[in-house]
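Report on the following structure.
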Amino acid sequence: MNWLLLLEQILNGFQLGLLLFLLAAGLTLVFGIMDMVNLAHGSLYMMGAYFCATFTGWTDSFILGAILTLPAVFILGVVVEMIALRTLYSRDHLDQVMATFGLILFFNEATRLIWGPIGLVIPLPDFLNETVEIIPGAPYPAFRLAIILVGFIVAGLLYFIVARTKLGMLIRAGASNREMIGALGINIRLLFTLVFGLGAALAGLAGLMAGPILSVEIGMGESILILTLVVIVIGGIGSIKGAFIAAILIGLIDTVGRSFLPEILNLVLPEASAATAAPAISSMMIYLLMTLVLAIKPQGLFPPRGVGR
Amino acid sequence: MTISSRHILNTALLVFLGLIPFITDWMGDSFYTGLVARILILAIAALSLNLLIGYGGMVSFGHAAYIGVGAYCVGIGAFHAFEDGIDWMLNGYVQLSAALLGSALIALIIGAISLRTRGVYFIMITMAFSQMLYFSAVGVETYGADDGLTIYLRSDMLGLIDLNDEKSLYYLIFASLLVVLYLMHRLVESPFGNVIRGTRSNEARMRAIGFSPYKYRLTAFVIAGTIAGYAGFLMANLNDFVSPDMMHWTRSGDLIIMIVLGGMASLFGPLYGALAFLMLEELLSSIPLTIGGLHVGEYWQLIFGPLLILIVLFARNGIDSFLPQPRKSS
């Protein structure tokens with residue numbers, strides 16, 4: 001076993017996990033408070049990456065591009081919520097799945113129309129392009145480290161907002177009983193729009209940070225959307241804490257599993273079949289985890305207390 | 001039974017579909033026979049899914065997986081017959097049994113676990129299972145991994161029917177559609193179907209009068225999966241090709257779109273939906289309009305996406321609501 005590699009993969013796992021958390025936080029809030037299945041969340045992540053690529057091109061600075069992207073995706077989220085999603089809250093899940101599936105098709109085609117079918121590259125400033133030797137002997141890319149840092153800061157901020165502020169109190173109240181807070185005189189429509197915009201901005205942040213490492217391309221939202229859905233289902237829909245723990249768990253399992261499963265399989269299988277089976281099994285692992293969790297706890301690990309679910 | 005205008009419309013549609021090979025012969029373009037055959041196979045799969053979604057209220061988001069299982073039974077059989085000369089694996093009845101049993105067994109396992117959950121969790125867990133099957137197909141190097149498997153030899157039905165003849169294949173598919181339509185009609189009207197519909201509208205009440213919904217739901221789940229597996233058997237023979245992409249979650253989404261487009265909880269809805277879905281795709285992608293050097297048809301999903309949202313928002317029962325309504329007698 002290569003310990004340096006393991007450490008590096010654990011860092012990578014945290015990085016993926018935190019990206020997933022940024023997406024899952026918004027999605028689980030929308031799910032939990034509005035009881036709304038939003039498949040188009042991945043599209044907002046994609047738009048974050050594309051916006052950032054464009055703004056970075058305009059301003060010649062990744063940092064400025066990123067700062068411009070966040071409000072842009074926030075506004076996009078608010079507009080989408082007001083035009084298309086608002087009327088869907090009272091509908092059943094099937095209608096929501098269908099309509100947001102339609103949104104995915106729209107966003108993918110619109111992106112292809114505006115930015116063309118070829119993927120984009122987001123250039124990084126020099127100080128993020130270097131490697132940092134946090135573990136002696138194992139240089140680690142500064143940008144990935146920055147993702148981990150930003151991820152933790154945003155997670156902390158989010159925790160603060162949800163647990164300590166009035167807005168957070170309303171969000172939590174909404175997650176456990178939305179009719180009741182409506183009856184108490186809270187403008188629930190405005191709250192929904194705000195939460196959706198916040199979720200969109202977080203998705204955009206995840207997108208702009210994933211852009212430079214993965215590639216900025218059409219359909220990048222779908223694959224990560226499925227991972228995100230797995231995260232929030234494992235964590236318990238509506239629970240930020242659950243989303244955080246499940247996201248880190250999935251990130252670690254996926255990354256570490258991918259790099260060490262071949263070695264583990266080698267112990268029980270002949271080398272050739274282990275090499276072909278490993279990628280498939282590691283892609284399946286998170287789904288296995290999810291079915292295991294749901295088979296034992298059908299409401300996820302941390303179902304938020306409350307009624308109506 | 002009185003004959004309503006809806007019966008006449010449905011019958012006319014079936015007669016038209018039955019005449020397709022002759023119509024395309026007369027037009028001299030056999031491309032459309034293949035297209036319609038593909039639509040009919042998807043309609044069979046959508047019909048089976050409608051038993052779950054429309055009648056049972058179980059939104060299964062992984063139905064394409066069973067199509068894939070059925071299709072891979074043909075693909076793997078043809079592969080070994082072609083590469084290794086194992087003749088019995090080309091036998092259509094062996095392949096068909098494998099497709100039906102395989103998809104039934106997998107539906108039983110998936111259903112037994114998934115049906116413990118409700119609502120969004122059910123949607124997600126069925127999708128997760130189908131993704132597992134998708135990734136296992138991607139992982140099997142022997143059978144082409146993500147490139148898929150080209151089928152060089154179609155199922156050998158021992159002289160009963162020649163699947164290499166496009167017309168015979170079309171009529172096998174058409175006859176299958178008729179059988180599945182009849183089966184669904186009988187199933188939904190049967191006491192079993194009443195229980196399924198009852199658990200959808202009020203589960204607590206069904207429990208109160210002594211039914212245990214789980215068993216009935218699981219049975220419906222297995223029936224639907226098996227029929228989808230059969231659709232996969234047909235699909236593999238029609239396309240001469242199987243690939244993991246057939247099982248991708250977006251394919252399951254397409255099936256749900258067909259049901260929503262056609263109208264849920266109506267017998268013919270999925271058939272109309274499948275027709276509308278693929279016709280729209282065909283039609284929108286061939287819009288002969290060019291704006292500023294851009295070919296509009298190439299971006300057909302730009303129109304289809306919002307159209308889908310509008311249908312969900314304003315035409316809740318899909319095409320079914322535009323057809324003549326049967327008079328409510330009971």
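The values are calculated or read from the model by the stated rules, or taken from the named source; none is laboratory data. This structure is a prediction, so every number in the text was calculated from the model and none was measured. Positions of Cβ are backbone-derived with ideal geometry, glycine not excepted, and every protein chain shown enters the neighbour counts. SASA here: full protein model, heavy atoms, side chains in, ligands and nucleic acids out. Shrake-Rupley method; radii C 1.70, N 1.55, O 1.52, S 1.80 Å.
The set of residues in segment A:51-97 being more than 14 Å from every other protein chain (Cβ to nearest Cβ), of a type in the set (Val, Ile, Thr) and either surrounded by 16 or more Cβ atoms within 10 Å (Cβ to Cβ) or outside any helix (DSSP H, G or I) (or both) consists of A:54, A:56, A:69, A:73, A:78.
Where helices (runs of 4 or more DSSP H) fall wholly inside segment B:202-317, the ranges with 3 or more residues that are more than 28 Å from residue B:133 (Cα to Cα) and open to solvent by less than 50 Å² (accessible area, probe 1.4 Å) are B:269-284, B:300-314. Pairing residues of segment B:66-91 that are over 10 Å from residue B:155 (Cβ atoms) with residues that are buried (at least 17 other Cβ atoms within 10 Å of the Cβ) and among the basic types (Lys, Arg), at Cβ distances under 8 Å and at least 6 apart in sequence or on separate chains, gives B:67/B:251. Scanning segment B:64-89 for residues that are more than 24 Å from the chain's Cα centre (by Cα) and open to solvent by less than 30 Å² (accessible area, probe 1.4 Å) yields one hit, B:81. Just to be sure before I move on: is residue A:208 facing chain B (nearest Cβ under 10 Å) and either basic (Lys, Arg) or crowded, with 23+ Cβ neighbours inside 10 Å (or both) in the structure I sent? For residue A:208, the condition - facing chain B (nearest Cβ under 10 Å) and either basic (Lys, Arg) or crowded, with 23+ Cβ neighbours inside 10 Å (or both) - is not met.
Of the residues making up segment A:35-84, those that are farther than 26 Å from residue A:236 by Cβ and of a type outside the set (A, V, I, L, M, F, W, C) are A:50, A:54, A:56, A:57, A:59, A:60, A:61, A:65, A:69, A:71. Taking the listed residues B:192, B:174, B:129, the one that is touching a residue at least 24 places away in the same chain (Cβ under 8 Å), open to solvent by 10 Å² or more (accessible area, probe 1.4 Å), within 14 Å of chain A (Cβ to nearest Cβ) and outside any loop (DSSP other than H, G, I, E, B) is B:129, with no other qualifying. For segment B:90-116, residues that are open to solvent by less than 10 Å² (accessible area, probe 1.4 Å), among the hydroxyl-bearing types (Ser, Thr, Tyr) and farther than 19 Å from residue B:249 by Cα total 0. Taken over segment A:246-277, residues that are in a helix (DSSP H, G or I), among the aliphatic types (A, V, I, L, M) and free of Cβ contacts under 8 Å to residues at least 40 places away in the same chain amount to 9. When residue B:103 is tested against (1) within 18 Å of residue B:74 (Cβ to Cβ); (2) within 10 Å of another protein chain (Cβ to nearest Cβ), exactly one condition is not met: (2).
For residue A:100, state whether it is within 8 Å of chain B (Cβ to nearest Cβ), of a type in the set (S, T, N, Q) and assigned to a helix (DSSP H, G or I). Answer is no for this residue. Within segment A:113-139, being at pLDDT 85 or above, more than 7 Å from every other protein chain (Cβ to nearest Cβ) and assigned to a helix (DSSP H, G or I) holds for A:114, A:115. Take residue A:302 and decide whether it is more than 12 Å from chain B (Cβ to nearest Cβ), under 30 Å from residue A:2 (Cβ atoms) and of a type in the set (Phe, Trp, Tyr). No; evaluated as a whole, the condition is false for this residue.
When residue A:161 is tested against (1) surrounded by 14 or more Cβ atoms within 10 Å (Cβ to Cβ); (2) closer than 25 Å to residue A:221 by Cα; (3) within 22 Å of the chain's Cα centre (by Cα), just one condition goes unmet, and that condition is (2).
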